[in-house]
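One structure is given here, and the rest of the page talks about it.
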Amino acid sequence: MDALLLQLLNGLDKGGAYALIALGLTLVFGTLGVVNFAHGALFMMGAFCAVVFDRLLNVETVTIDETQTTPWGTPMEIREPYIQSLLGDFGAFLVDYSVPISIILAIPIMLIIGVIMERGLIRHFYSRPHADQILVTFGLAIVLQEIIKHFFGANPIPQAAPDVVNGSADIGAMLGLDGIIAYPWWRLIYFVFSLLCIAAVFAFLQFTTYGMVVRAGMRDRETVGLLGIDIEKRFTVVFGIAAVVAGLAGVMYTPILPPDYHMGMDFLVLSFVVVVVGGMGSLGGAVLAGFLLGILQSFASMTEVKSIFPGIDQIIIYLVAVLILLTLPRGLMGRRGVMED
Amino acid sequence: MSKLTLSRRRLLKAGAATGVALGAPLHFVKGAYAQDKMSCNMPTGSEVVLGFNVPQSGPYADEGADELRAYQMAVDILNGDSDADAISAFSGAGNLKGNGILGKKVTYVTGDTQTKSDAARASAQKMIEDGGAIMITGGSSSGVAIAVQSLCQERGVIFMAALTHSNDTTGKDKKRYGFRHFFNAYMSGEALGSVLAEEYGKERTAYHLTADYTWGWTQEESIKNATEKQGWQTAQAVRTPLGAGDFSQYITPVLNSGADVLVLNHYGKDMVNSLTQAVQFGLREKQVNGKDFQVVVPLFSELMAQGAGSAIKGILGTANWDWKLNNAGTKAFTQAFGKKYGQPPSQAAQTAFAQTILYADACERAGTFYAPEVIAALEGYEHDGLGNGPTLYRAEDHQCFKDVLVVQGKDDPKDKFDLLEIRKIVPRDEVTYDPSIFGGDLGPADAKQC
Amino acid sequence: MFGNLSRNDWLLIAGFTVLVLAAPIWLAPLGAGYPAIMEKFCIFAIFAIGFNILFGLTGYLSFGHAAFLGVGSYAGVWMFKLFSMNVVLSTVFALICAGLFALIIGYISLRRSGIYFSILTLAFAQMMYNVAYSVLTPITNGETGLQLELSDPRYLDNALGASQSIGLPRTSFFGIDISGGGMPGFYFCAVILIICFYLSIRIFRSPFGMMLRAIKSNQTRMKYTGFNPKPYLLAAFVISGLYAGLAGALMVATDPLAGAERMQWTASGEVVLMTILGGVGTLVGPVIGATLIKYFENIFSAFNENILNATFDFLPEGLRHFAVEFSALFVGEGWFLTLGLVFMIVVIFLPGGIMEGIARIRALFSKKKTQDDAAEGSVVAAE
């Protein structure tokens, strides 16, 4: 029983992460009608915002001591952490909380990246066939990831969560089951964080006039344009928001998954499946699909299930995608006419 | 509608004939010089070409880059472009005179394996057909090594495998033209088994998470056998998909399984992720059956330790070699490498370097590049001084037998090259096994023309 | 089913044939005149031509075509292992298997259109890849890949008393070695490529091809006129699946090893990129796209500092150092970056892929001499 409870919890947690990672993708699909294969790259760039911030904090002064040599025969380099010694206790605090603090850094950076991408590239592809969009965004994704590889190498770069939230929370204790249901603090934080992000994006589109106009533009770009509204500008903002959400998903994911240059590609297929199962362009659908896939994946990984269906955990996500698309033509909550041609 | 007078059939025929006539010379010329004792790509000029087939893109690109550094260093030493300090302790150093191999200058071609069998084979084919490589070396995974090894067997080119840890490379899939210096999963199990029992006691229950492909399975089996021999029990062995990214759904059941040791049969990114997440789940602070919960990672590398960060602290595993080893060969190699590149070599670099030197040495001892005789020179070759202590290239399966290191993640590393400490050097005798246990057939050593 | 070909089409086929068969000559100066790479060019060209029949004509974007290539490969190797090293047998069996898989997957996936169709095909392919890599290892040999072994039964060869070679036998076409790195392997692939190219022109020009294009332009209208587009779509899907299976069969014929990686989504994505890069819906485009991507993958990645230093030998020291450093970003381990840049540049400036660039260049010339372009105009007309 507690095994099932744990897997349910785990599935919810996974689902939150999946929904957050896919959120920007479905936003761009729904509003701009663009198939963005560079979405994974944005997720990865976000994660590397955390890496860059961490690197900045750990800038060291290097003095070369010719009198001593390293065991591998080069002159000894004495490294002094610069920022930390400069700032004292505050420096230590910054280092400890580098991942959450780098959110502050990531928001403007990702916004700028998103706006530049939209203005410089994506905008010119609104009216082009989806095939062209795929090729150009895939090309961009490769370029971005190779640039990151050039500077940071191919090896994963670990990012630690703050010390207070290292380790796991004894959730079972709250339910009177001491020590049975433990779950890492950081994953719980990530879960809450993803709910907040999703709610914020949802509220923005649903409850602000700005969002209302964007939604109107989704339905009928031409008419909105005729009303004298600069819909292009709003689309730029939407793309910027999508980039920020993808980036934040990446930043917060770093303590769970040490980032490397390829992580964007690794999550690309998954996020596409989540978005399509949810229904193209539907925010609610993406969230629902994220939770559904997360929970089913968790249950499929249980040994009891695997002993009946060997290898089911390898294919469950795709199996669910096939079954849902065959029963519900537009995914869980897809609208008619979006991306069907 | 066709107004063409030429019939289609004639057209095709004519086209094919022209093509054959034009293309034929390119193909047959090479064979025309074939004479006795010629094997594939034997050098006829003043240069001999080696093929360095390493991952340059994909997850193991950093390992590949370090391998290339080592190859470059080996080539410089063989050609006499740099001093031979790095091999000063090598028992066969006298054979290598710094004038290339057998007086022929060493040049090389490189290629990207992408850590994919198809890409690695395509790259190796280019080296053989276009580059004229007489020997191919490199690799970063067992799938790639086995795929390239079988290609080399087919073409009659010697393959000196670098990073490959599966038992199959020199077991089930061993080949006459393939040689492995790196250790394997079986040796990891044997070396780790006794140390685990010493460290954690004989009353332990292990839970395995295993990458669901051939290397993972051989690793799991080897560790299971070795630990069960020590009296351990195995609670469960769960297979995880390659590249799962998030392993949480596999880690949660461990918490209440009653096991008190988690064995992660993962490599590369999988290992970095699963270890990071396992530690995050608080496994290492747990108490089960009155004992501290432990995590074990049977195969380690420095780069993986860097990727896992602080999660690696205190974790036991095995390694083929480490630059901190205290022997003359290691010191000489580490110093030379450090002077050249400003950092100590990884175990990938060391095995790549050793393989190149061993090949050159075998050619010198055989007095020829003729593949069957070079193979004979490598088979059963006992040597020392390349950093691993006394080492035997066993003739029966082309596996090197040497000491295996049990390493542990350091609690207080000085820098990013100081993440592992050597806990024990398990002597070669304890990890040697009977070659027949894995089956396989080396196949013939006949020379091939290409 | 097959339409008539115009004089221009015949000229195109003739030109294509000459170019393909003379490849060893004109590719050699480009560093790609060795059999293995030329075989890859042919094989991936076949793959892309077949993919283009589905995507180019109907607009249905499959993201799982590599699965059929994988099925063809496994089927081919099993034929070598069980019966005979003759490539005819393995190719036929590969076509049957790939065709069957394409029929089933196509039948299910074609119930949806647009991106939903794409994701369905992707899902099937990924399931096949994941299962082949792990659970189905007894059939596929998983990570290591399915390969020939000395102990293989090869019932047919043995029954016919084929001469026992030392070591593993090579695949052969009635006595001519196909694997093993010789030129016959290339010519075998080249001839099949030319046949495939010819068939693809026939399909493009046929009423069937017209029907597919009509589906692409307006499926609803077709339905209203009483046509059921489904059988046509399924036929196109199976044909392109057969092309993929054939490509897989040739891969193992020239190099008998079948690995699961060639079914991964990146492999399916690769053929999509090849087709778009060359020019969707054009006859020659996919061939160019396939050749270009394989060229980058194999030739650019093999450049190292030694070669660069030799290339820029004519420059003075300082300048040479800079040139080597700069170009090293784009070759060797940087080849992937170059590929990404090429994708972007081509699609930004040439919406119709490389074929559009060729058409534009031709248009420039035809302004000067209007008559001359008739010869190859059909390429663009195929769009």
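The values are calculated or read from the model by the stated rules, or taken from the named source; none is laboratory data. None of these values were measured; they are calculated from a predicted model. In this analysis, Cβ positions are derived from the backbone assuming ideal geometry, glycine residues included, and neighbour counts consider all displayed protein chains.
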TODO: Give segment C:272-293 a look and list any residue that's in a helix (DSSP H, G or I) and either of a type in the set (Lys, Arg) or farther than 17 Å from residue A:141 by Cα (or both), or say none.
DONE: C:275, C:278, C:285, C:286, C:287, C:288, C:289, C:290, C:291, C:292
Open item on the list: Please determine whether any residue of segment A:174-190 is out of contact with any Lys or Arg (no Cβ under 9 Å at 6 or more places or on another chain), within 20 Å of residue A:25 (Cβ to Cβ) and at pLDDT 90 or above.
Closed with: yes
Open item on the list: Suppose we filter A:120, A:114 for residues that are small (Gly, Ala, Ser) and surrounded by 18 or more Cβ atoms within 10 Å (Cβ to Cβ); which single one remains?
Closed with: A:114
Open item on the list: Of everything in segment B:326-355, what is touching a helix residue (DSSP H, G or I) at 6+ places or on another chain (Cβ under 8 Å) and either under 22 Å from residue B:446 (Cα atoms) or of a type in the set (A, V, I, L, M, F, W, C) (or both)? Give them in sequence order.
Closed with: B:332, B:333, B:336, B:337, B:348, B:349, B:352, B:353
Open item on the list: Could you tell me how many of the residues in segment B:259-292 are within 12 Å of chain A (Cβ to nearest Cβ) and of a type outside the set (Ser, Thr, Tyr)?
Closed with: 19
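Conditions tested, residue by residue: (1) at pLDDT 90 or above; (2) within 14 Å of residue C:113 (Cα to Cα); (3) facing chain C (nearest Cβ under 9 Å); (4) outside any helix (DSSP H, G or I).
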position	(1), (2), (3), (4)
A:299	yes, no, no, no
A:310	no, no, yes, yes
A:326	yes, yes, yes, no
A:329	no, yes, yes, yes
A:338	no, yes, yes, yes
- [ ] Give A:267, A:239 a once-over and let me know the one that is touching a residue at least 40 places away in the same chain (Cβ under 8 Å), part of a helix (DSSP H, G or I) and more than 14 Å from chain C (Cβ to nearest Cβ).
- [x] A:239
Open item on the list: Going residue by residue through segment B:330-350, is there one that turns out to be under 20 Å from residue B:176 (Cβ atoms), free of Cβ contacts under 8 Å to residues at least 40 places away in the same chain and assigned to a loop (DSSP other than H, G, I, E, B)?
Closed with: no
Task: Filter result for the condition that a residue is crowded, with 22+ Cβ neighbours inside 10 Å, within 14 Å of the chain's Cα centre (by Cα), assigned to a loop (DSSP other than H, G, I, E, B) and modelled with pLDDT of 95 or more, over B:159, B:179, B:183 - done: B:183
Task: Residue under evaluation residue B:119, criteria (1) more than 9 Å from chain C (Cβ to nearest Cβ); (2) within 20 Å of residue C:147 (Cβ to Cβ); (3) among the small types (Gly, Ala, Ser), criterion not met - done: (1)
Open item on the list: Just to confirm my filter: which helices (runs of 4 or more DSSP H) fall fully inside segment C:9-105 and include at least 2 residues that are touching a Lys or Arg at 6+ places or on another chain (Cβ under 8 Å) and either under 19 Å from residue C:243 (Cβ atoms) or away from chain B (no Cβ under 11 Å) (or both)?
Closed with: C:35-58, C:66-82
Open item on the list: Is it the case, given these coordinates, that residue C:314 is outside any helix (DSSP H, G or I) and not β-branched (Val, Ile, Thr)?
Closed with: yes
Open item on the list: Checking the structure you have, find out if any residue of segment C:203-225 is surrounded by fewer than 24 Cβ atoms within 10 Å (Cβ to Cβ), over 30 Å from residue B:142 (Cβ atoms) and within 14 Å of chain B (Cβ to nearest Cβ).
Closed with: yes
Open item on the list: Which of the numbered conditions does residue A:306 fail, given that it passes all the others? Conditions: (1) within 11 Å of chain C (Cβ to nearest Cβ); (2) surrounded by fewer than 20 Cβ atoms within 10 Å (Cβ to Cβ); (3) modelled with pLDDT under 90; (4) farther than 22 Å from residue B:210 by Cβ.
Closed with: (4)
Task: Enumeration of residues in segment A:120-152 that are free of Cβ contacts under 8 Å to residues at least 12 places away in the same chain, facing another protein chain (nearest Cβ under 9 Å) and in a loop (DSSP other than H, G, I, E, B) - done: A:128, A:129
Task: Boolean, residue B:205 is within 13 Å of chain C (Cβ to nearest Cβ) and at negative phi - done: no
Open item on the list: Checking the condition closer than 25 Å to residue A:100 by Cβ, aliphatic (A, V, I, L, M) and in a helix (DSSP H, G or I), which residue from A:244, A:224, A:305, A:322 passes?
Closed with: A:244
Task: Complete set of residues in segment C:138-154 that are assigned to a helix (DSSP H, G or I) and either of a type in the set (A, V, I, L, M, F, W, C) or modelled with pLDDT of 90 or more (or both) - done: C:138, C:139, C:140
- [ ] Would you check if there is a residue in segment C:40-61 being within 13 Å of residue C:241 (Cα to Cα), polar (S, T, N, Q) and crowded, with 24+ Cβ neighbours inside 10 Å?
- [x] yes
TODO: Within segment B:92-116, track down each residue that is in a loop (DSSP other than H, G, I, E, B) and either at pLDDT 95 or above or more than 12 Å from chain C (Cβ to nearest Cβ) (or both).
DONE: B:92, B:96, B:97, B:98, B:99, B:100, B:102, B:103
Task: Given (1) of a type outside the set (A, V, I, L, M, F, W, C); (2) in contact with a Ser or Thr (Cβ under 7 Å, 6 or more places away or on another chain); (3) over 25 Å from residue B:268 (Cβ atoms), index of the condition residue B:389 fails - done: (2)
Task: Of the criteria (1) within 11 Å of another protein chain (Cβ to nearest Cβ); (2) among the hydrophobic types (A, V, I, L, M, F, W, C); (3) more than 21 Å from the chain's Cα centre (by Cα), which one residue C:122 fails - done: (3)
- [ ] Look at segment B:306-333 and say how many of its residues are at pLDDT 95 or above and of a type in the set (Ser, Thr, Tyr).
- [x] 2
TODO: Could you check residue A:45 against (1) surrounded by 19 or more Cβ atoms within 10 Å (Cβ to Cβ); (2) away from every other protein chain (no Cβ under 12 Å); (3) more than 15 Å from residue A:114 (Cα to Cα) and say which number it fails?
DONE: (3)
- [ ] From (1) under 13 Å from residue A:317 (Cβ atoms); (2) facing another protein chain (nearest Cβ under 9 Å), pick out the condition that doesn't hold for residue A:262.
- [x] (1)
Task: Residue list for segment B:223-249, filter: facing chain A (nearest Cβ under 8 Å), closer than 14 Å to residue A:184 by Cα and in contact with a Ser or Thr (Cβ under 6 Å, 6 or more places away or on another chain) - done: B:249
